[in-house]
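See structure below.
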């Protein structure tokens, strides 16, 4: 496994060396984890002129539940103070003249502290270089996402078998999270969203004390974290024996939009074209206003990663990029529908997009 | 209620006006919430030359579960893009020449974006001005903390009445979190920590699949969020009929240290003197190595606020400052003890420190 991390670090090194920096400082936790296997709280990764160092506030041994850092990576412990500042001091001590930092993550105050501890070190911008490396996943990473998706499918499936009427959104959300952990998740990938009746279909709805009622739409969005990797699934159901006509219509529309998005996933497709595929279906039904800013996004060590599937996004999909496709429509006062899958972009020759979240998308009446 | 927020904003305005800035931009979410009643995702607060504005990416009505902003505060919606950048543009448009920003929160990249949208605006540092305002709480805030502490006490009390042997740390933690919500919490104040046997006594231990065994120490740390305010309680128990001698000794030591800390809480006491009171007790028993960097901290809209009760902390306690006192000792391979209370500093004449977390600190054998 160690090779994986060393390879990632050397790809990053090529990138910042080409940009003229001798060393780089990675501070964003998910990026540290990607390159070092772990990211103990407060730790940073220094890719120095001569060697790489994981700089931590306490020895990683003292937190055994966080896992072990890549064994090829020496650990430097600096108790007290900011590890980024300590790392800049180490880089300067090594004779580096320039250090690329994550300006999109480092605060102005920390940046200034770096300058003051190492005034001769020229600070450059690493930009989103690590985030870009993270976009295309290897099969090991995809396997973690696949297991996480199975766990989320299981948790959701069990919930559907239980009695729902009369239970609150908050209780259903807590129960789903308990089931995720029961089935081996590290924890939920993000706060589980359960929305009933007029709340249904809202993106990121925070569960309330509203109880499930007959005739409601019930929309659920959850995900499992497995070995650090986060997936996402969203489904909408109706409560009771048979859905109303407007519910069937709305469901069919969102389903058609979501399918159009899924079917557009292929290596080489522009991000914005996936978004457009989804949006066109909703537009044609006059649902433009209700549309969110994006219709999907990458997933991995964070639940919301590059790429963004949005009208102004620039770039094209590659193979082995996991993304969500998650359109929704919410009608104020009535409720709505969201359908959300995690899929991996695969070439046509490999069978096309791989669906990780396999819970049925039929409109179930529960 | 609106007056409360308007008063807070005018105190902040006095501060930055005295520092020479005409306007200020608050970006840290807990600070926005403190000054505006709510902090919808992505929102920022502009204290402009002429008027204050909550700048949001979507209308706050669209997220009813987040509550309503202070009604005296106009809302400006800027869909897409960074609200901080939009706010800087508004400040410049109003004719402000200088804008104080939270350099300890704003990233270098966002700071640069502000400069580029409003090149004539001189960006100054607001520093931790809002965090400093937040240190002393009003009775409304303390009342939220008190209710949160009652909820945490209830959740913990119920857990102690259940069978513990054979259950995993993860399940106990999830059950505690469910009980917090059952009793009316918004949610847990931080990830609930349950540590058994050799894990017990670790600060911030993440629950594992280890099961509770006879003879274990069991240490639990949890807290409730109530109307945004976060409290904290930690207790250690023994599992089985009677604790071993080393367990009693260690417990008595940590208890004595924690009591010393509690008893030192008074208006005018230096932060470091509270820390020293705790540390001296542990030192005298030769437990220095095991000591954490701090022995307590402020709580409020965030679980870890100013002040820090630590050896190098500068400042003195005021009345109405809620803090934790939470020493712990962990013996590698054997386990340990943590005892953690949330208290409000009160003058002697008002009865001295007010204990919010009232669960017994006797060593219970469960």
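The values are calculated or read from the model by the stated rules, or taken from the named source; none is laboratory data. Since the model is a prediction, treat every value here as computed from it, not as a measurement. Neighbour counts are summed over all protein chains in view; Cβ atoms, including those assigned to glycine, are modelled from backbone coordinates with ideal geometry.
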Checklist outcome for this item: Scanning the stretch B:205-225 for residues that are in contact with a helix residue (DSSP H, G or I) (Cβ under 7 Å, 6 or more places away or on another chain), away from chain A (no Cβ under 14 Å) and assigned to a strand (DSSP E or B) gives B:217, B:220, B:222
Next on the checklist: Could you go through the stretch B:153-170 and let me know if any residue there is at pLDDT below 95 and assigned to a strand (DSSP E or B).
Outcome noted: yes
Checklist entry - Assuming residue B:266 fulfils every condition listed in (1) assigned to a loop (DSSP other than H, G, I, E, B); (2) touching a helix residue (DSSP H, G or I) at 6+ places or on another chain (Cβ under 8 Å); (3) modelled with pLDDT under 95 apart from one, which condition is it? => result (3)
Checklist outcome for this item: Checked B:118, B:113 against criteria (away from chain A (no Cβ under 14 Å), over 30 Å from residue B:345 (Cβ atoms) and more than 28 Å from the chain's Cα centre (by Cα)); the one match is B:118
Item to check | Residues of the stretch B:163-181 that turn out to be over 28 Å from residue A:210 (Cα atoms) and buried (at least 21 other Cβ atoms within 10 Å of the Cβ), as a count | outcome: 1
Next on the checklist: Can you tell me which of (1) more than 14 Å from chain A (Cβ to nearest Cβ); (2) within 23 Å of the chain's Cα centre (by Cα) is the one residue B:127 doesn't meet?
Outcome noted: (1)
Checklist entry - Does the stretch A:50-69 contain any residue that is surrounded by fewer than 22 Cβ atoms within 10 Å (Cβ to Cβ), closer than 13 Å to residue A:26 by Cα, at pLDDT 90 or above and within 14 Å of chain B (Cβ to nearest Cβ)? => result no
Item to check | the stretch A:182-201 - residue that is more than 17 Å from the chain's Cα centre (by Cα) and surrounded by 23 or more Cβ atoms within 10 Å (Cβ to Cβ) and, of those, farthest from residue A:364 (Cα to Cα) | outcome: A:199
Checklist entry - Hey, among the residues in the stretch A:77-110 that are without any contact (Cβ under 8 Å) to a residue 24 or more places away in the chain and farther than 27 Å from residue B:28 by Cβ, which one's nearest to the other protein chains (Cβ to nearest Cβ)? => result A:77
Next on the checklist: Considering only the stretch B:113-125, I want to know if a residue exists there that is in contact with a strand residue (DSSP E or B) (Cβ under 6 Å, 6 or more places away or on another chain), surrounded by fewer than 21 Cβ atoms within 10 Å (Cβ to Cβ), closer than 27 Å to residue B:306 by Cβ and at pLDDT 95 or above.
Outcome noted: yes
Item to check | The listed residue being closer than 19 Å to residue A:204 by Cα, within 16 Å of the chain's Cα centre (by Cα) and within 14 Å of another protein chain (Cβ to nearest Cβ), out of A:294, A:309 | outcome: A:294
Next on the checklist: Being away from chain B (no Cβ under 14 Å) and either in a helix (DSSP H, G or I) or surrounded by fewer than 19 Cβ atoms within 10 Å (Cβ to Cβ) (or both) is the requirement here; does residue A:42 meet it?
Outcome noted: no
Checklist outcome for this item: The condition from (1) in contact with a helix residue (DSSP H, G or I) (Cβ under 7 Å, 6 or more places away or on another chain); (2) buried (at least 19 other Cβ atoms within 10 Å of the Cβ) that residue B:90 misses is numbered (1)
Item to check | Members of the stretch B:126-154 that are in contact with a helix residue (DSSP H, G or I) (Cβ under 8 Å, 6 or more places away or on another chain) and in contact (Cβ under 8 Å) with a residue 40 or more places away in the chain | outcome: B:126, B:129, B:130, B:131, B:133, B:134, B:137, B:138, B:140, B:151, B:152
Checklist entry - Does any residue of the stretch B:177-188 turn out to be farther than 24 Å from residue B:150 by Cβ, assigned to a strand (DSSP E or B) and assigned by TED's automatic domain parsing to the domain that holds residue B:326? => result no
Next on the checklist: Looking only at the stretch A:233-257, how many residues end up being more than 16 Å from residue A:285 (Cβ to Cβ) and touching a helix residue (DSSP H, G or I) at 6+ places or on another chain (Cβ under 8 Å)?
Outcome noted: 6
Next on the checklist: Anything in the stretch A:202-235 that is more than 23 Å from residue B:178 (Cβ to Cβ) and within 21 Å of the chain's Cα centre (by Cα)? List them, or say none.
Outcome noted: A:202, A:203, A:227, A:228, A:229, A:231
Checklist outcome for this item: Scanning the stretch A:237-271 for residues that are buried (at least 19 other Cβ atoms within 10 Å of the Cβ) and either within 21 Å of the chain's Cα centre (by Cα) or outside the structural domain of residue A:201 (by TED's automatic domain parsing) (or both), the one nearest to residue A:167 (Cα to Cα) turns out to be A:258
Item to check | Residue among B:337, B:329, B:323, B:299 that alone is in contact with a helix residue (DSSP H, G or I) (Cβ under 6 Å, 6 or more places away or on another chain), at pLDDT 95 or above and within 25 Å of residue B:223 (Cα to Cα) | outcome: B:337
Item to check | Scan of the stretch A:269-298 for residues that are over 18 Å from residue A:326 (Cβ atoms) and not in a loop (DSSP other than H, G, I, E, B), ordered by number | outcome: A:270, A:284
